[in-house]
Amino acid sequence: MESSNFSLEKTDRSSTELGPEAEQRLSKYRFVESPSAETAAAPGYDSLLDYWQMLIRHRRTLLGFVLVGLLGALVISVLQTRIYRARTSLEIQDFNANLLDIKGVDASESTGSYITPESYMETQVKILQSESVLGRVIDKLNLHAERPASSWRISKLWKSSHVPEREELIRQAERNLTVRTSGNSRLLEVLYESSNPQVAADFANTLVSEFIEQSQEMRWKSTQRTAEWLTSHLDEMKTKLEQSEAQLQDYVRTSGLTVTSDKQNLAENGLKQLQDELSKAQADRIASQAKFEEAKNKPADSVPEISDDPTMREYRQRMTELQRQYAELSATLTPEHYKVQRVQAQITELQFNMLQERSNIQRRIGNEYSAALRREKLLSQADAEQEKVVADQSSKAIHYDTLKREVDSTRQIYEAMLQRVKQAGLATAMRASNVLVVDPAKPPLLPYRPSIPINSAIGLFSGVFLGFGFVLLRERVDRRISAPGDSQTYLELPELGVIPLDEAVISRQIGNGSQPHRSPALHPGSPSRTPLGDCPELATWKRKPSLVAECARTTLTSILLPTQDGDHPQVVVLTSPCPGDGKTTVACNLSIAMTEIGRKVLMIDGDLRKPRLHKVFSVANSWGLSDVLWAETPIETVPISHLVSETEVSGLCLLPAGSCGGTPTNLFYSPRMTRLLKRLRKEFDMIMIDAPPMIHLADARVLGRLADGVILVVRAGQTTTESALFASQRFAEDGTRVMGTVLNSWDPSSGRHYGYGSYGDYQAGPDSGSNQ
């Protein structure tokens with residue numbers, strides 16, 4: 001939907017028709033912001049209090065969902081099969097591999113081969129849940145023949161799916177079995193569920209015993225295989241050792257090598273010292289070469305050795321001082337003066353000395369580089385000669401050391417294998433286990449499932465969740481404005497006030513057995529059915545201490561507040577999006593409240609199609625607004641007493657709709673309407689125009705352009721956000737100032753009280769008699 005903040009085209013066209021005075025007034029309120037569609041779609045729940053009030057309003061629906069969820073959980077709990085859970089616990093101890101050094105005998109041993117103790121415990125859990133262990137338990141307990149009669153449906157499933165009975169029993173055992181670790185301890189909990197408590201306990205105990213037996217059997221078989229392998233390879237290792245020793249002795253005899261216990265070698269030590277000196281000489285040569293090339297390629301003043309030299313630093317300081325003296329003398333004396341020439345001679349001599357000193361430094365750097373290069377060359381020659389000597393002396397020793405290490409390693413392997421063969425023979429005879437049963441399983445007395453408290457809690461929370469979702473969905477789907485603050489949220493317009501349901505009409509309707517929310521006195525209808533004292537349009541006059549009257553006075557306070565420019569609205573149009581929203585009721589009560597503060601008020605019945613104000617105030621409708629607009633008599637010459645009629649309310653006058661026919665929109669476009677309002681502005685402090693609903697009729701939009709502002713009346717529980725948004729956008733497009741909204745016929749007992757519910761207690765206080 002397209003909405004414009006500045007309706008230039010419409011404004012310019014209508015200003016010509018409505019007159020200069022209206023155009024001048026409209027210029028004050030030309031900018032009207034149009035609420036966006038996103039704003040209308042936004043929910044009105046900005047805090048937890050809003051959600052709490054929503055739940056209070058729908059507490060019966062929420063309670064129904066809770067009861068249904070709780071009842072459903074109880075029914076399901078009663079119908080479920082009783083399941084019993086047996087529990088046993090194991091302690092997985094560290095296997096004592098140090099006993100007889102069994103850890104070295106079994107290559108698959110032990111917990112030390114796992115990355116962490118947790119990984120070892122997880123492995124034991126997987127073994128307990130393995131199909132091999134479960135199959136051994138099923139065979140030992142003979143569960144094939146003891147299958148309960150209640151499982152005849154499962155038997156049919158076996159036959160239909162061609163799954164073997166043993167495989168199906170294993171799958172069922174996997175589903176019923178739970179093995180878990182207990183924190184960071186070495187305890188394992190084995191839990192098994194069954195409809196028979198004795199079967200659950202027997203299965204858990206048998207599973208533990210089979211697990212222990214299988215672990216012992218696996219360890220025994222592994223140790224036995226290790227012993228057999230060591231025995232078969234022991235003779236081969238003995239033969240290899242004898243051959244290695246014989247080969248070593250033969251090499252000693254043929255090479256003539258004399259083996260001593262002294263491990264030092266003077267030739268090797270000398271070679272090491274020469275290599276260290278050569279490394280240092282190379283480093284010195286590289287540093288000297290770098291200095292030499294830097295002094296050769298770079299300007300002399302940028303070389304660190306020259307710039308940091310003490311003599312050169314002293315020369316530079318003296319040069320600076322002489323140049324300063326020369327500059328001072330040149331400023332006052334001629335170049336031929338003897339003082340100037342003497343300073344110049346000193347500068348020349350100093351420059352020569354600096355040049356000679358630079359040459360000396362560069363020459364010294366070159367000499368250092370040449371000396372380092374010669375030293376490096378000599379050390380390189382000495383190192384090469386020493387390497388030849390060392391290579392000749394150590395070639396025979398290297399081969400000897402190789403044969404000696406081979407003999408030693410073969411002997412160590414042979415001795416270790418001989419020791420392992422003896423240990424493996426002892427380990428094979430041992431049947432140790434590192435699994436200890438802490439708590440054997442006992443038949444449980446009470447069922448594990450169903451748990452009535454848990455199921456009841458699930459049903460309760462499910463009912464709360466579904467009920468909250470249903471209530472929230474219904475609140476989102478319900479597009480009606482139902483409580484204070486909704487119109488301000490959806491329309492981005494100020495909420496000037498709230499007019500509650502008239503308690504007198506509610507009491508009368510409850511006594512008659514009718515619904516209080518659809519009172520004919522609160523929306524257009526025949527007022528003759530309602531006594532004058534109970535007429536909601538006159539509640540502020542007839543029942544001044546009532547809640548309706550106080551809320552009307554509060555709303556009037558919001559209307560009379562000055563704008564940013566300090567202006568007070570004088571001509572106000574009251575309209576609503578749709579028929580039946582109660583705009584006439586609000587207009588009457590606001591006008592009566594205005595008279596109570598000493599203002600002179602005029603009400604204009606702008607609903608020329610269905611006029612009602614003349615019936616409310618018992619005034620004749622033979623002459624009214626339509627007759628004034630059709631007449632040709634200048635309005636300025638007509639006495640004010642002939643234009644309006646006084647009512648029984650002091651200070652309140654009425655200009656009824658009149659009996660003259662014609663199209664109301666055309667009459668409002670007439671220049672006489674502008675002149676009429678100009679005349680009435682001089683006579684009255686406030687002018688209230690009761691305009692027809694504006695969605696299907698253009699009367700309210702035309703009157704709004706002539707007035708100082710428009711008040712949009714919405715009815716609680718009836719006006720939708722779409723209709724209210726449409727009305728607000730139409731006024732925004734016309735450039736009409738919308739002062740705000742008034743919520744009518746709101747029921748304070750609907751959930752959101754906002755302080756209105758306590759008015760009855762305040763009215764019944766000790767000072768209430770004086771107020772009446």
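The values are calculated or read from the model by the stated rules, or taken from the named source; none is laboratory data. The structure presented is a predicted model; accordingly, all values stated were derived computationally and were not measured. Cβ: placed from backbone, ideal geometry, glycine included. Neighbour counts: every protein chain shown. The accessibility values were calculated without ligands, DNA or RNA, using every heavy atom of the protein model including side chains. Shrake-Rupley method; radii C 1.70, N 1.55, O 1.52, S 1.80 Å.
If you take the residues of the range 74-118 that are assigned to a helix (DSSP H, G or I) and at pLDDT 85 or above, which of them is most open to solvent (accessible area, probe 1.4 Å)?
Among them, the one singled out is I76.
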Residue list for the range 717-727, restricted to those being in contact with a helix residue (DSSP H, G or I) (Cβ under 8 Å, 6 or more places away or on another chain), open to solvent by 10 Å² or more (accessible area, probe 1.4 Å) and either farther than 15 Å from S745 by Cβ or of a type in the set (A, V, I, L, M, F, W, C) (or both): E722, L725
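Mind listing just one residue for me: the one in the range 305-326 that is open to solvent by less than 60 Å² (accessible area, probe 1.4 Å) and of a type outside the set (D, E, K, R) and, of those, nearest to K291 (Cα to Cα)? Break it down stepwise before answering.
From the range 305-326, those open to solvent by less than 60 Å² (accessible area, probe 1.4 Å) are 305-307, 309, 311-312, 315, 319, 322; that's our starting set.
Filter once more, keeping what is of a type outside the set (D, E, K, R): 306-307, 311-312, 315, 319, 322.
Working: I306: 11, S307: 13, T311: 19, M312: 18, Y315: 22, M319: 27, L322: 32 Å.
Out of the qualifying residues, it is I306.
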So R431 ticks every box in (1) open to solvent by 50 Å² or more (accessible area, probe 1.4 Å); (2) of a type outside the set (A, V, I, L, M, F, W, C); (3) at pLDDT below 80; (4) not in a loop (DSSP other than H, G, I, E, B) but one. Which box is left unticked? (4)
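Any chance the range 336-351 includes a residue that's within 30 Å of E293 (Cβ to Cβ) and not aliphatic (A, V, I, L, M)? Break it down stepwise before answering.
First, the residues of the range 336-351 that are within 30 Å of E293 (Cβ to Cβ): 350-351.
So of that shortlist, the ones also not aliphatic (A, V, I, L, M) come out as 351.
So far as the range 336-351 goes, yes, one or more of its residues are within 30 Å of E293 (Cβ to Cβ) and not aliphatic (A, V, I, L, M).
Can you confirm whether D708 is open to solvent by 40 Å² or more (accessible area, probe 1.4 Å), touching a strand residue (DSSP E or B) at 6+ places or on another chain (Cβ under 9 Å) and modelled with pLDDT of 85 or more? Walk me through it before giving the result.
Working: open to solvent by 40 Å² or more (accessible area, probe 1.4 Å): no; touching a strand residue (DSSP E or B) at 6+ places or on another chain (Cβ under 9 Å): yes; modelled with pLDDT of 85 or more: yes.
Taking the combined requirement at face value, the residue does not satisfy it.
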What tally of residues in the range 168-218 results from selecting those that are more than 18 Å from I83 (Cβ to Cβ), open to solvent by 40 Å² or more (accessible area, probe 1.4 Å) and either touching a helix residue (DSSP H, G or I) at 6+ places or on another chain (Cβ under 6 Å) or polar (S, T, N, Q) (or both)? 7
Please enumerate the residues belonging to the range 662-701 that are open to solvent by less than 10 Å² (accessible area, probe 1.4 Å) and farther than 18 Å from R612 by Cα. F668, M673, L676, L677, L680, F684, M686
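How many residues does the range 163-212 contain that are among the polar types (S, T, N, Q), part of a helix (DSSP H, G or I) and closer than 16 Å to L134 by Cα?
From the range 163-212, those among the polar types (S, T, N, Q) are 172, 176, 178, 181-182, 184-185, 194-196, 198, 205-206, 209; that's our starting set.
Remaining after also requiring part of a helix (DSSP H, G or I): 172, 176, 198, 205-206, 209.
Checking which are closer than 16 Å to L134 by Cα leaves us with 172, 176, 205-206, 209.
Of the residues in that region, 5 qualify.
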Members of the range 219-251 that are open to solvent by less than 40 Å² (accessible area, probe 1.4 Å), of a type in the set (A, V, I, L, M, F, W, C) and either farther than 30 Å from Q93 by Cα or modelled with pLDDT of 80 or more (or both): L234, M237, L241, L248
Please go through the range 322-337 and pick out each residue that is under 25 Å from M354 (Cβ atoms) and without any contact (Cβ under 8 Å) to a residue 12 or more places away in the chain. R324, A327, E328, S330, P335
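Results for (1) modelled with pLDDT under 80; (2) open to solvent by 20 Å² or more (accessible area, probe 1.4 Å); (3) over 22 Å from L590 (Cβ atoms), shown as yes or no for each residue.
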position	(1), (2), (3)
I458	no, yes, yes
L466	no, yes, yes
R480	yes, yes, yes
S507	yes, yes, yes
S519	yes, no, no
G533	yes, yes, no
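Does the range 694-710 include one or more residues that are in a helix (DSSP H, G or I) and within 43 Å of the chain's Cα centre (by Cα)?
Filtering the range 694-710 down to residues in a helix (DSSP H, G or I) leaves 699-706.
With the extra rule that they be within 43 Å of the chain's Cα centre (by Cα), the set shrinks to none.
No: the range 694-710 contains no residue that is in a helix (DSSP H, G or I) and within 43 Å of the chain's Cα centre (by Cα).
Taking the range 582-599 only, how many residues are of a type in the set (S, T, N, Q) and surrounded by fewer than 24 Cβ atoms within 10 Å (Cβ to Cβ)?
Matching residues across the range 582-599 total 1.
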The lone exception for S215 - which of (1) outside any strand (DSSP E or B); (2) within 46 Å of the chain's Cα centre (by Cα) it fails: (2)
